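Chemist: Structure below; questions to follow.
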Amino acid sequence: MRILLVEDNGALADGLATILRGSGYVVDVVHDGASAEAVAAAQNFDLVILDLNLPEMDGLDVLRAMRSRQNRAAVIILTARGAPEERVKGLDLGADDYLTKPFDISELEARIRVLLRRQAGMRSSQIGYGGVTFDLTSRSFSSEGRPLDIPARELGLLELLFLRAGKVVSKEAIIGSMTGFDEDLSANAIEQYVSRLRRRLQPHGLTVKSARGIGYYLEGAAAGR
């Protein structure tokens, strides 16, 4: 899952980014509204964590611009503005959630998980496919009750394919979801990760299939959502 964090407080932004990256998310950080608007217009994100009191361009204007372009990334507004009318304004403009500073990081992470479930159409925190179960709360995979030991890169790839099981995910979408501003991941590297993941999943009723010239998809007997 790729997150754009828009926060002008450098210390807070660095702290949040470090924690979220430690939880396995790909996080890009910008510190002003104009940069946020430009980046959101040019790149795809699953989630935007958006402060309102930003230099150069107000956070609500960033949100308004995103939704006017039909940008459907989930948005959590993160701000010191706690007045009800401010919350209503943000929600009316298309925000999905609202968290007032100061806040507990565990609450922010819980809200992120809720939005991820909503995007994936999941009613519970666990989803099964083939012989594998994905626990969204712990962001871990297991088979027959035993955890699967999967390196971070392959874990991110499997999560992306798992939440779109049966649907083709393009190589470009995979690269965009797994890399931030300062990272470079080639199509050849993706092929290597796919090859390793295939070997790991083979005993568990799942196969990563190739859609020639397009991307990859996960195939297996559905165990329920």
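Chemist: What aspartates and glutamates sit close enough to Lys167 to cross-link, taking a C-alpha to C-alpha distance under 19 Å and skipping anything fewer than 8 places away on the same chain?
Modeler: Asp46, Glu154, Glu159, Glu191, Glu219
Chemist: Before anything else, pin down the relative contact order of the chain: Cα pairs under 8 Å, at least 6 apart, normalised by residue count, whole percent.
Modeler: The value is 17 percent.
Chemist: Might you tell me the accessible area per residue for the chain, computed with a 1.4 Å probe and given in Å²?
Modeler: On the way: 10920 Å² over 225 residues.
For the chain, the per-residue accessible area is 49 Å².
Chemist: What residue among Gly131, Gly15, Gly24 has the largest mean-square fluctuation in a Gaussian network model of the chain, using Cα springs under 10 Å?
Modeler: Taking springs between Cα atoms under 10 Å, the residue moving most is Gly15.
Chemist: Amide H of Ala211: which non-local residues (sequence gap of 5 or more, or other chain) have their own amide H closer than 5 Å, using H built in the peptide plane?
Modeler: Distant-sequence amide H within range of Ala211: Tyr216, Tyr217.
Chemist: When a/c reaches 1.5 or more, the comparison of a/b and b/c decides; with that in mind, is segment 83-144 rounded, prolate or oblate per its Cα gyration tensor?
Modeler: oblate
Chemist: Mind ranking 144-151, 44-51, 106-113 by how tightly packed they are, going by the mean number of other C-beta atoms within 10 angstrom, highest first?
Modeler: On the way: 144-151: 11.0, 44-51: 23.0, 106-113: 15.4.
Highest-to-lowest ranking by the protection proxy: 44-51, 106-113, 144-151.
Chemist: Separate question: Between rounded, prolate and oblate, where does the chain land on the alpha carbon gyration tensor, with a ≥ b ≥ c its root eigenvalues, rounded for a/c under 1.5, else prolate if a/b exceeds b/c?
Modeler: On the way: a/c = 2.10, a/b = 1.75, b/c = 1.20.
The shape class here is prolate.
Chemist: Let me ask another. Could you check the spin-label model distance between Ser125 and Ala34? Points 7 Å from the Cα along Cα→Cβ, value in nm.
Modeler: Between Ser125 and Ala34, the simple spin-label model gives 4.3 nm.
Chemist: With each pseudo-label sitting 7 Å past Cα toward Cβ, what's the Lys167-Glu85 distance in nm, one decimal?
Modeler: Result for the modelled spin labels: 4.0 nm.
Chemist: Would you work out the relative contact order for segment 24-99, in percent, from Cα pairs under 8 angstrom that are 6 or more residues apart?
Modeler: Relative contact order, segment 24-99: 30 percent.
Chemist: Classify segment 2-120 as rounded, prolate or oblate, taking a ≥ b ≥ c as the square roots of the eigenvalues of its Cα gyration tensor: rounded when a/c is under 1.5, otherwise prolate if a/b is larger than b/c and oblate if not.
Modeler: Numbers: a/c = 1.17, a/b = 1.14, b/c = 1.03.
Rounded is the answer for segment 2-120, as its axis ratio a/c remains below 1.5.
Chemist: Leaving out ligands, DNA and RNA, and with a 1.4 Å probe, what % of the accessible surface on segment 144-225 is carbon or sulfur?
Modeler: Carbon plus sulfur share of accessible area: 46 percent.
Chemist: Okay, next question. Can you divide the C-alpha Rg of segment 126-220 by 2.2 N^0.38 Å and report the result to two decimal places?
Modeler: For segment 126-220, the normalised Cα radius of gyration comes out at 1.02.
The values are calculated or read from the model by the stated rules, or taken from the named source; none is laboratory data. Values in this document were obtained by computation on a predicted structure and should not be read as measured data. So basically every Cβ, Gly included, is an ideal-geometry build from the backbone, and we count neighbours across all protein chains shown. Surface areas here come from the heavy atoms of the whole protein model, side chains and all, with no ligands, DNA or RNA. Shrake-Rupley method; radii C 1.70, N 1.55, O 1.52, S 1.80 Å.
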